[in-house]
Amino acid sequence: MKKILSLIILFLPAIAFSQIWYVGGNAGVSFSNYKAKTPWKEVSNMGFSVGAKAFKQINSNYGLTMELHYIQKGYFHKVCNDIYDQFEANYIEVPVMMDYTFIVPSLQNWRGHVNLGVYAAYWLSGKYKMKGFDETSEDFDFKKNEVTRFDFGPNAGGRIEYILKNGSISLDFRYEIGLLDLQKQANDNTKNTNRSFIVGLTYLKPLSR
């Protein structure tokens, strides 16, 4: 992760003098789980992600992507068809990624992007859902559970972009690995760290100088 941060800092002077900013919004679906292993079947907790994106082209191949978005994470442990333990967590997240752009051969108006970077997030709220003989749902109590509300880690992904007359639309995908143990408790040897895969659509439009 230190190497990724060094690359971003190295490119900052070039970014300041680059020509075009592209701004827009994105929306998609997140599939998340904790790294901690359980004896139950682990099913991805499905949520959604929505926010704003900015992209700055540094040269013909390199750029910088920054986002501010709301995302749902958590876990889903399925004991059997009628019994499960589910946790939904809501975050505000800021990913920052270096972008490598390449032309898709033989396809006019198409470009591919490979992204590598880091993210920081703040845990807004959460909800437990349990189903057994009865179904229960309760809001997550941060003070009672003594959790870490900040999260950060590396991410990697890409997007397939189609160039429009005055903007572009792209299919995005990204995988994130949280580094912090969010619910560490005494005598707890598990690593309750986030793992998330996000896929969605982005619309970007160039900003005039």
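Within segment 175-198, is even one residue part of a strand (DSSP E or B), under 16 Å from the mean Cα position of the chain (by Cα), among the charged types (D, E, K, R) and modelled with pLDDT of 95 or more? Can you show your working first?
The first filter runs over segment 175-198 and keeps only residues part of a strand (DSSP E or B), leaving 175-177, 194-198.
Those left that are additionally under 16 Å from the mean Cα position of the chain (by Cα): 175-177, 194-198.
If we keep only those that are among the charged types (D, E, K, R) too, we end up with 176, 195.
Keeping just the survivors that are modelled with pLDDT of 95 or more gives 176.
Checking segment 175-198: at least one residue is part of a strand (DSSP E or B), under 16 Å from the mean Cα position of the chain (by Cα), among the charged types (D, E, K, R) and modelled with pLDDT of 95 or more.
Across segment 14-50, which residue is surrounded by the fewest Cβ atoms within 10 Å (Cβ to Cβ) among those that are farther than 18 Å from I198 by Cα, hydrophobic (A, V, I, L, M, F, W, C) and at pLDDT below 85? Give the steps one after another, and end with the answer.
Our first condition is that a residue be farther than 18 Å from I198 by Cα; within segment 14-50, this holds for 14-23, 36-41.
So of that shortlist, the ones also hydrophobic (A, V, I, L, M, F, W, C) come out as 14-17, 20-21, 23, 36, 40.
Narrowing further to those that are at pLDDT below 85: 14-17, 20, 36, 40.
On the way: A14: 13, I15: 15, A16: 9, F17: 7, I20: 13, A36: 16, W40: 14.
Among residues in segment 14-50 that are farther than 18 Å from I198 by Cα, hydrophobic (A, V, I, L, M, F, W, C) and at pLDDT below 85, the one surrounded by the fewest Cβ atoms within 10 Å (Cβ to Cβ) is F17.
Please verify whether G28 is in a strand (DSSP E or B) and touching a residue at least 60 places away in the same chain (Cβ under 8 Å), treating the condition exactly as stated. So that I can check it myself, show each step before the final result.
Values: in a strand (DSSP E or B): yes; touching a residue at least 60 places away in the same chain (Cβ under 8 Å): yes.
Considered against the rule, which asks whether it is in a strand (DSSP E or B) and touching a residue at least 60 places away in the same chain (Cβ under 8 Å), G28 comes out as yes.
Could you tell me whether any residue of segment 94-115 is in contact with an Asp or Glu (Cβ under 9 Å, 6 or more places away or on another chain) and farther than 30 Å from L164 by Cβ?
no
I'm trying to understand the selection: among the residues of segment 125-169, which are within 25 Å of K56 (Cβ to Cβ), aromatic (F, W, Y) and over 17 Å from the mean Cα position of the chain (by Cα)? Don't jump to the end; show me each part of the working.
Taking segment 125-169 and keeping what is within 25 Å of K56 (Cβ to Cβ), we get 152-169.
Going one step further and asking which of them are aromatic (F, W, Y), we end up with 152, 162.
Within segment 125-169, just Y162 meets the criteria.
Against the condition of a type outside the set (G, A, S), buried (at least 20 other Cβ atoms within 10 Å of the Cβ) and without any contact (Cβ under 8 Å) to a residue 60 or more places away in the chain, how does E176 come out, does it pass?
Details: of a type outside the set (G, A, S): yes; buried (at least 20 other Cβ atoms within 10 Å of the Cβ): yes; without any contact (Cβ under 8 Å) to a residue 60 or more places away in the chain: no.
No: the conditions fail for E176.
List pairs: first in segment 86-114 and within 17 Å of T202 (Cβ to Cβ) and touching a residue at least 12 places away in the same chain (Cβ under 8 Å), second among the acidic types (D, E) and surrounded by 15 or more Cβ atoms within 10 Å (Cβ to Cβ), Cβ under 6 Å, 6+ apart or cross-chain?
P95/E67; R111/E161; H113/D99
Identify the residue in segment 132-174 that is β-branched (V, I, T) and closer than 21 Å to G74 by Cβ and, among all such residues, is modelled with the highest pLDDT.
Going residue by residue through segment 132-174, those that are β-branched (V, I, T) are 136, 147-148, 160, 163, 169.
Add one more test, that the residue is closer than 21 Å to G74 by Cβ, and what stays is 136, 147-148.
Numbers: T136: 73, V147: 82, T148: 85.
So the residue we want is T148.
Mind counting the residues in segment 59-116 that are surrounded by fewer than 20 Cβ atoms within 10 Å (Cβ to Cβ), under 30 Å from K129 (Cβ atoms), among the hydrophobic types (A, V, I, L, M, F, W, C) and within 15 Å of the chain's Cα centre (by Cα)?
Qualifying residue count, segment 59-116: 3.
Being among the charged types (D, E, K, R), touching a residue at least 60 places away in the same chain (Cβ under 8 Å) and more than 17 Å from T193 (Cβ to Cβ) is the requirement here; does K53 meet it?
On the way: among the charged types (D, E, K, R): yes; touching a residue at least 60 places away in the same chain (Cβ under 8 Å): yes; more than 17 Å from T193 (Cβ to Cβ): yes.
In short, yes.
I'd like the full set of residues that are among the aliphatic types (A, V, I, L, M) and either farther than 22 Å from I198 by Cα or touching a Pro at 6+ places or on another chain (Cβ under 7 Å) (or both), limited to segment 121-162. Working first, answer last.
Step one: of segment 121-162, the residues among the aliphatic types (A, V, I, L, M) are 121, 124, 130, 147, 156, 160.
Of everything in segment 121-162, those that are among the aliphatic types (A, V, I, L, M) and either farther than 22 Å from I198 by Cα or touching a Pro at 6+ places or on another chain (Cβ under 7 Å) (or both) turn out to be M130, V147.
Of all residues in segment 134-152, which are surrounded by 11 or more Cβ atoms within 10 Å (Cβ to Cβ) and either on the phi > 0 side of the Ramachandran plot or polar (S, T, N, Q) (or both)?
Passing the criteria: S137, N145, E146, T148.
The values are calculated or read from the model by the stated rules, or taken from the named source; none is laboratory data. Since we're looking at a predicted model, the values are computed, not measured. Please note: Cβ atoms are built from the backbone with ideal geometry, for glycine as well, and neighbour counts cover all protein chains shown.
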